[in-house]
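Quick note: the coordinates plus some simple rules give every number you see, no bench work behind them. None of the values given here were measured: they were computed from a predicted structure. A quick note on method: Cβ atoms are made from the backbone with ideal geometry, for glycine too, and the neighbour counts reach across all protein chains shown.
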Amino acid sequence: MDLTIECQKRPENSKPNALRRSGLIPANLYGHKGTESISLTIDAKTVERLLKKGSVNNTLIDLKITDIPWQGKTLLREVQIHPAKRTPFHLSFFAVAGHGPTTVEVPLRFVGDAIGVKQEGGLLDTVFNQLQVSCEPENIPEAIEVDVSNMKVGDSLQIHELPLPQGVTVLDNAEQIAVSILPPQITPEKEAELDAANAQTDSTESTETATESQAS
């Protein structure tokens, strides 16, 4: 998913809190020119839309700085959230052009109804919900789709067994289990029912044994 947002260079000597009160969110752009950075401001409503559609270290963003001017592909690297208000108060972007493969986090999307869940009563255990991968910026996948339809109780998929898009390399330990089907879990209520049934069976067997002894 590619997004386009516009921003402006932050005025010199401007105070971050004053900017926020006027509806602007401070931000920084890194990587566009060596170790230099640019201080920016983005409209708070634009930030709100961005965070609804994009995610940190995954979404490629076409950033336009209208008053320099500068435009390029970036990744949203960090979103700082106000601890009390729970609203964003600072963003960090990284320009990806000219840096080769970049490291991003890609969510796993599990699809299908597993046989082990639907027919055998097992539980789908997703050990990983996202993977850290390396790829060219233009090849960043929105998600990695994993079909679990044929998985039965006791089955598992390791990371190296997942279907990866071309040009995408996983940086996590490839031998780790990403998803598995666990055996059915016995709830306390079900366990009580089984105990009662077993007790009834034991009582019946004892009665039958006693009756046979008296008859003999």
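Residue separation times 0.36 nm, minus the C-alpha to C-alpha distance between LEU51 and ARG109: what's the value? The partial results should precede the final answer.
Values: separation 58, 0.36 × 58 = 20.88 nm, distance 1.96 nm.
Separation in residues times 0.36 nm, less the Cα-Cα distance, equals 18.9 nm.
Region 132-172 to region 62-123: how many Å between their Cα centroids?
17
Given 0.36 nm per residue, what is the gain on full extension from HIS82 to HIS99 after removing their alpha carbon distance, in nm?
Full-extension gain reported as 3.0 nm.
Show me, for region 170-181, the HN-Hα J-couplings you get by feeding each phi into the Karplus relation (A = 6.51, B = -1.76, C = 1.60, θ = phi - 60°), rounded to Hz, glycine and proline as x.
7, 9, 6, 4, 5, 8, 6, 7, 8, 7, 8, 10
Just want to confirm a number: the relative contact order over region 2-99, from Cα pairs under 8 angstrom separated by 6+ residues, in percent.
Working: 193 pairs, mean separation 31.2, N = 98.
The normalised contact order for region 2-99 reaches 32 percent.
Quick one: net charge around ALA114, please, counting Lys, Arg +1 and Asp, Glu -1 for every other residue with C-beta under 13 Å from its C-beta.
Working: positive: LYS118, LYS152; negative: ASP113, GLU120, ASP125, ASP147, ASP155.
Around ALA114, the charge tally is -3.
Expressed as an acute angle from 0 to 90° and rounded to the nearest 10, what is the orientation of the C-alpha long axis of helix 44-53 relative to the principal long axis of the chain?
Taking Cα atoms only, the helix is inclined about 40 degrees.
For the Cα atoms of the chain, what angle does the longest principal axis make with the long axis of helix 188-215, in degrees from 0 to 90, nearest 10?
Rounded to the nearest ten degrees, it is 10.
By per-residue mean of other Cβ atoms within 10 Å, what is the highest-first order of 54-66, 33-45?
Values: 54-66: 17.5, 33-45: 14.5.
Ranking the peptides 54-66, 33-45 by packing returns 54-66, 33-45.
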